[in-house]
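Reading through the C-alpha cells given below for one structure.
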Amino acid sequence: MINNSPYTEALNAAITELTSLMGESEDLESRHAETKERIAKLRKGIAGISLLAGEDWQIIKGSNPHLFPDSIPPDIGMTDAVRKVMQSKEEFFSPVAVRTELQKSGYDLAHYKNVLASIHTILKRLTEAGEVRTDIVEDRTVYKWNRGIKMFRQGTLKDLQHELDKFDLPSIGPAKK
C-alpha cells in the first residue's frame, strides 16, 4: 500500500468530510426531533389557550390549516381517530406508535382508562374488517392501512358519488328495461 499517494490524501479527506457530515446530520436530526416536539406542544397549548380566551378552536384550526395539518377533530370517536392515523402515512404502526401519533395530533386520550388496550382492540377490529393488514416485526404485531380502502359507513350516496367522481369513469344511469 502506498502511504503518500494522491489517492491516500483523497481518501483521508473523504473520510474526514464524511465524519464531519455524519456528526452534522446527527445534530440536525436531534434538532429536528426537538423542534417537532415543541411544535406538538405549541399546538396543544394553542388549543387550550383558545378555550381560555373564549375562542372557537375549530375556527382557529380552520383559519390556519397550514399550522394544524395533522390534527384530528376532537368530536370524532377513537376508531375514526385511529383510522386517520393509519391513513396518514404509508408505513406500519405498532399500537404504541398509534398512541404517539394520536397524542401528537392533539387528540384527547385523557378519558380513556387504558388507551393501549383500546387501540389494540380497535386495530384487531380494523384488521378483521380488512381495513388494515398486519405483519410481524421483531416478534411484535404491526399494522398498516390497506390503501384503496375508503369507508362509507356513515356516508351518503352523495359522498360515494363524490369519491367516484375522482376517477374518470363513465357515468352510470338508471338500468334500462
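Laboratory data are not the source of any read-out in this text; all were calculated from the coordinates shown. What you are looking at is a predicted structure, and each value in this text was computed from that prediction instead of being measured.
Past the 17 angstrom mark, what percentage of all C-alpha to C-alpha distances in segment 69-137 do you count? Intermediate results must be reported in sequence, preceding the final value.
On the way: 821 of 2346 pairs.
Summing the P(r) of segment 69-137 above 17 Å gives 35 percent of all pairs.
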For this session: Taking each pair of different alpha-carbon atoms in segment 1-82 once, compute 1/r for the pair, average those values, and report the inverse of that mean as the Kirkwood hydrodynamic radius in Å to one decimal.
Result: 17.1 Å
Problem set entry | Anisotropy class of segment 1-149 from Cα gyration tensor, a/c 1.5 cut | oblate
